[in-house]
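Data first, discussion second: the structure below is written as structure tokens.
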Amino acid sequence: MSDPLIPPKPATRPDGIGRLAHLRRFRHDLFSSQPDRLYNAWMAEFRLPFFRSFFVNQPELVDEVLKVRPEDFPKSRIVGGALRSLLGRSVFVTNGDIWRRQRRIIDPSFEGGRLRDTFPAMLAASQSAVDTLRPDADGRRIEIEAHASHLAADIIFRTLFSIPITDEIARRTYSAFRAYQRTQPLMTIGSFFRSPWAIRLTQRRDTRAHGHELRALLSELTQKRAKEIREGVAPNDLATKIMTTEDPLTGDHLSTDEMVDQVAIFFLAGHETSASALSWSLYLIGRSPDIQERIFYEINLLKDIPHIKFGDLSKLPFTRDVFREVLRLYPPVPMMIREATQMEEFRNRRVPVGSQVVLSPFHIQRHRRIWKNPDAFDPDRWARGDEKDAIRSAYLPFSAGPRVCTGAGFAMVEGVAMLLCLLRAFKVASFEDHIPQPVAHLTLRSKDGIYVSLTPR
């Protein structure tokens with residue numbers, strides 16, 4: 001067997017640059033402002049004006065923040081502030097009692113039984129993407145991120161509101177979201193001041209406009225569904241399930257405005273992250289012909305796609321491991337930021353109140369002191385069993401602890417379903433003259449797109 005592929009890593013900043021240069025890099029891309037030594041360090045401290053951060057990579061400290069004492073390290077107000085114009089008070093940005101109530105209502109919709117119910121919609125969207133791609137599947141160069149984004153959005157619309165992306169309001173919503181995500185970074189300079197006026201002052205005018213348009217469209221979808229529920233004609237999809245679920249402690253439901261907030265984060269987390277994961281999957285598979293053929297052999301043993309059932313996914317262990325390995329190398333949410341609410345001491349270093357505690361899945365999942373050959377694309381590491389400790393303690397593409405992503409199971413089923421349909425229909429190849437450069441904005445994407453070619457099987 002050939003040596004494992006070593007795929008591209010982000011650019012890093014050189015040591016010794018000044019604060020102004022650091023800020024410029026930070027604004028351009030979160031990764032380019034970080035030094036290479038983070039892939040080897042257990043912890044690192046960075047100071048900028050109005051901002052003090054501690055990058056934490058040591059598994060024991062990561063567990064302390066995410067699992068042991070999560071209430072002492074709530075979601076950072078810096079991240080929440082930049083996204084609040086779109087997300088409102090969604091589960092992504094809230095903390096404390098508000099967040100717990102939201103999770104009690106939302107979580108039941110993403111349990112195993114509900115995933116079984118949503119699987120046919122995932123499969124239908126993926127097969128629709130195959131039909132859309134067929135005219136271009138002649139070996140020509142295709143920018144696959146745009147297609148992946150379209151497919152991921154189609155899955156969200158079908159599973160959440162039972163409409164395909166070709167529906168007029170779905171098409172308009174998708175267009176507004178694409179415009180928003182192209183102009184909104186995860187954080188802005190104004191976020192550091194933790195003041196609404198500073199955030200608004202430093203947010204681009206077109207970003208605010210796209211956010212307002214998007215929320216108006218999501219409100220239209222949600223109000224329509226609320227009316228259908230009242231009239232007893234609502235389809236049995238995720239939106240209906242969430243909007244009719246009672247809080248087991250209080251008996252109340254999410255209001256329409258609260259539901260708009262949650263739908264916004266479903267699009268942000270469920271669409272952007274899935275598009276990122278699928279794009280990098282196809283790039284890596286296109287660079288690895290032997291792995292691609294093993295996937296095709298596995299999926300080709302199944303029935304015809306229209307007859308595939310949710311239970312058949314258990315027959316695709318290697319395809320699942322490929323997707324897991326892609327999520328290790330290119331976690332769609334590359335950094336998670338928490339805030340210290342009391343004085344802490346990490347590795348004999350004082351962490352003052354208000355400090356930002358940065359947990360970077362990208363660095364942790366490629367850490368040189370945790371993983372074997374950490375930069376290699378090696379799906380077989382999941383079945384070998386010699387990296388169980390690393391997988392248990394340092395694999396967190398969906399976070400960990402109480403705030404683990406409620407859609408983690410949804411994302412894994414979706415990822416395998418998308419690969420199943422696309423790789424059964426097409427052979428994919430990547431181009432050696434185009435090496436995508438990972439950059440961190442709202443999610444992990446490529447600076448100049450990801451190009452592949454497709455040919456029919």
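For this structure, a couple of remarks:
- Candidates 452, 428, 416, 439 - the one that is touching a residue at least 40 places away in the same chain (Cβ under 8 Å), within 18 Å of the chain's Cα centre (by Cα) and under 20 Å from residue 290 (Cβ atoms): 416
- For the stretch 101-131, the set of residues classified as in contact with an Asp or Glu (Cβ under 7 Å, 6 or more places away or on another chain), open to solvent by less than 10 Å² (accessible area, probe 1.4 Å) and farther than 29 Å from residue 456 by Cα consists of 105 only.
- Only a single criterion out of (1) open to solvent by 30 Å² or more (accessible area, probe 1.4 Å); (2) under 25 Å from residue 94 (Cα atoms); (3) more than 25 Å from the chain's Cα centre (by Cα) is not satisfied by residue 297, namely (2).
- Residue among 208, 134, 182, 140 that is at pLDDT below 85 and open to solvent by 60 Å² or more (accessible area, probe 1.4 Å): 182
- Filter result (open to solvent by 10 Å² or more (accessible area, probe 1.4 Å), at pLDDT 95 or above and of a type in the set (A, V, I, L, M, F, W, C)) within the stretch 350-370: 370
- Residue check for residue 347: open to solvent by 10 Å² or more (accessible area, probe 1.4 Å) and in contact with a helix residue (DSSP H, G or I) (Cβ under 9 Å, 6 or more places away or on another chain): yes
- Scanning the stretch 95-135 for residues that are among the acidic types (Asp, Glu) and assigned to a helix (DSSP H, G or I) yields 97, 107, 117, 131.
- Extreme residue, farthest from residue 160 (Cα to Cα), among residues of the stretch 237-261 that are small (Gly, Ala, Ser) and free of Cβ contacts under 8 Å to residues at least 40 places away in the same chain: 251
Table: residues versus (1) closer than 25 Å to residue 359 by Cα; (2) at pLDDT 95 or above.
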| site | (1), (2) |
| --- | --- |
| 395 | yes, yes |
| 403 | yes, no |
| 407 | yes, no |
| 416 | no, yes |
| 439 | yes, no |
| 443 | yes, no |
| 446 | yes, no |
| 452 | no, yes |
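The values are calculated or read from the model by the stated rules, or taken from the named source; none is laboratory data. Every value quoted in this text rests on a predicted model; they were computed, and no experiment measured them. Note: ideal-geometry Cβ built from the backbone for every residue, glycine included; neighbour counts use all protein chains shown. Only protein heavy atoms, including side chains, enter the accessible area calculation; ligands, DNA and RNA are left aside. Shrake-Rupley method; radii C 1.70, N 1.55, O 1.52, S 1.80 Å.
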